[in-house]
Amino acid sequence: MKYFRKLVGEKCYLSPISMDDVEKYTEWVNDMEIGQFMLFTSSVVGIEKERAMLQKLIENDVVFAIIEKDTNKVIGNCGLHNISDVHRHATFGIFIGEKTFWNQGIGTEAATLILDFAFNILNLHSVNMDVYSYNRRAIRSYEKVGFKYAGKRRDYIFMAGEYHDVLIYDMLASEFNSPYVKDMYAKSISDEAGRSRITIV
Ligand SMILES: CC(C)(COP(=O)(O)OP(=O)(O)OC[C@H]1O[C@@H](n2cnc3c(N)ncnc32)[C@H](O)[C@@H]1OP(=O)(O)O)[C@@H](O)C(=O)NCCC(=O)NCCS
């Protein structure tokens, strides 16, 4: 068993990352069709560098593999980075490397699951993220998740010979509705008759 069901949705679940997938991750981070939307566009990453980067992410950040539920196949990853224990905030990042799985609602569901972990398990107060202004798919997905536009950095990244704005989105814990954690908790503490002893609001 390579993957483990930590947070479970209808289309995907989030599992700890398996280092066995390092070759697949290396393929994805070198794919410019994906990289044009991500920080790693300008990096040249071989397997050993990717292995070291993944290891660092696993040790320092909260990162999950996104596993497609029907096939049990790894299709991408998502994470919470730069977590502050003082201010209770973090930066969210995501990519689906298997491009045939874009536009099926999986990215939106994976983002919602990791936010559930952020707000209802890690007790974070605020989660923010950056998105390139030309990444219309990601912007639509984040708006579906419930992220709010917070501002922009003008002419902040250089891609394909031009500068582009980077948009900043964020969400507060009070703005988030739990899709998984609260339901799982309520079910697990139900009495034998199946009635919940608590009220989830
Ligand atoms: C961004 C990403 C995580 C979104 O996940 P996804 O599963 O493809 O997204 P979803 O299917 O949940 O939602 C995409 C939405 O954008 C819409 N969309 C797709 N292309 C679009 C475009 N060019 N303009 C506007 N909307 C677009 C889809 O129709 C869908 O909206 P709908 O459900 O209202 O129809 C994924 O596409 C991805 O990993 N892309 C490459 C890497 C990347 O951009 N990472 C994010 C960096 S900030």
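Readers should treat all values here as calculations from the given coordinates under stated rules, not as data from a laboratory. This one's a predicted model, so the numbers in the text were calculated from it and none came from an experiment. Note that we place each Cβ from the backbone using ideal geometry, even for glycine, and neighbour counts take in every protein chain shown.
Of all lysines in the structure, those lying under 17 Å Cα to Cα from residue 73, and not within fewer than 8 positions of it along the same chain, are 2, 6, 11, 24, 99.
Once the Cα-Cα distance is subtracted from the 0.36 nm per residue extended length, the residue 8 to residue 148 segment shows a gain of 48.0 nm.
Put a dot 7 Å past the Cα of residue 100, heading toward its Cβ, do the same for residue 125, and the two dots end up 4.6 nm apart. A simple rule links phi to the HN-Hα coupling: the Karplus curve 6.51 cos²θ - 1.76 cosθ + 1.60 with θ = phi - 60°, which for region 179-184 gives x, 9, 4, 5, 5, 4 Hz, with x for Gly and Pro. Taken one residue at a time, the phi angles of region 100-105 give Karplus couplings (6.51, -1.76, 1.60, θ = phi - 60°) of 5, 9, 5, 6, 10, x Hz. Gly and Pro are set to x.
Principal axis extents of the Cα atoms in region 1-120, from largest to smallest and rounded to whole angstrom, are 37, 36, 29.
Couplings 3J(HN,Hα) for region 77-82, derived from phi with the Karplus relation 6.51 cos²θ - 1.76 cosθ + 1.60 (θ = phi - 60°), are 8, 8, x, 10, 10, 6 Hz, where x marks Gly and Pro. Taking amide hydrogens as placed 1.01 Å from N in the peptide plane, the amide H of residue 165 sits under 5 Å from those of 133, 155, 156, each at least 5 positions away in sequence or on another chain. Along its principal axes, region 48-201 has C-alpha extents of 64, 35, 31 angstrom, given from the largest down. For the options 166, 86, 74, a Gaussian network treatment of the chain with springs between C-alpha atoms closer than 10 Å singles out 86 as fluctuating the most.
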